[in-house]
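Below is one structure, written out as structure tokens; the observations come after it.
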Amino acid sequence: QVRLVESGGGLVQAGGSLRLSCAASGRIFRINYMDWYRQAPGKQRELVASTTGGGSTNYADSVKGRFTISRDNAKNTVTLQLNSLKPEDTAVYYCHAQLVAVGTFIPTDYWGQGTQVTVSS
């Protein structure tokens, strides 16, 4: 059984920083990419940052220059460093991975349980 477990998040004042971590566990053959999404109340879930196994990264325009995604392929983990946080960054942040589990040949999407990030003004 493949699982994504997130940690980090919490309450921070505007301008502050947080660090989110996500670990994938289980019988994993290959992880194609790992991402962070977020969903604010009343809004659709949106892609915040993504990274491939080769190290390429992509960011939403709203977080460029403030957030940094990094991945440890050996540990199957991905982290998101959130700096210069703004109240509009308040949302539930979800870890996502597309991976191939051992014994299968089909890339499958997995999601973490979500972690709350609240930025006060």
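The values are calculated or read from the model by the stated rules, or taken from the named source; none is laboratory data. Only a predicted model underlies this, so the values are computations on that prediction, with no experimental measurement involved. All Cβ positions, even for glycine, are placed from backbone atoms using ideal geometry, and neighbour counts span all protein chains on display. Just the protein is used for accessible areas: all its heavy atoms, side chains included, with ligands, DNA and RNA removed. Shrake-Rupley method; radii C 1.70, N 1.55, O 1.52, S 1.80 Å.
Taken along the Cα-to-beta-carbon direction at a fixed 7 Å, the label points for Q44 and R3 span 3.2 nm. If you plug the beta carbon distance of S56 and S120 into 1/(1 + (r/R0)^6) with R0 = 30 Å, you get a FRET efficiency near 0.35. The residues of the chain present an accessible area of 54 Å² per residue when probed at 1.4 Å with all protein chains retained.
Each residue of the stretch 19-34 was assigned a 3J(HN,Hα) from its phi angle through the Karplus curve 6.51 cos²θ - 1.76 cosθ + 1.60 (θ = phi - 60°); the sequence is 10, 9, 10, 9, 10, 9, 9, x, 8, 9, 8, 7, 9, 6, 7, 10 Hz, with glycine and proline shown as x. Its residue count N sets the reference 2.2 N^0.38 Å, and the alpha-carbon radius of gyration of the chain equals 1.04 times that reference. In plain terms, if you count all Cα to Cα distances in the stretch 1-41 and split them into 10 Å steps from zero, the share in each step is 20, 46, 24, 10, 0 percent. For the stretch 26-91, the fraction of alpha-carbon pairs lying more than 14 Å apart is 59 percent, rounded to a whole number. Counting only protein heavy atoms and using a 1.4 Å probe, what share of the accessible area of the stretch 27-121 belongs to carbon plus sulfur, as a whole percent? Answer for the stretch 27-121 is 50 percent, counting heavy atoms of protein chains only. In summary, the lysines within cross-link reach of K64, defined as a Cα separation below 17 angstrom excluding same-chain residues under 8 places away, comprise K86.
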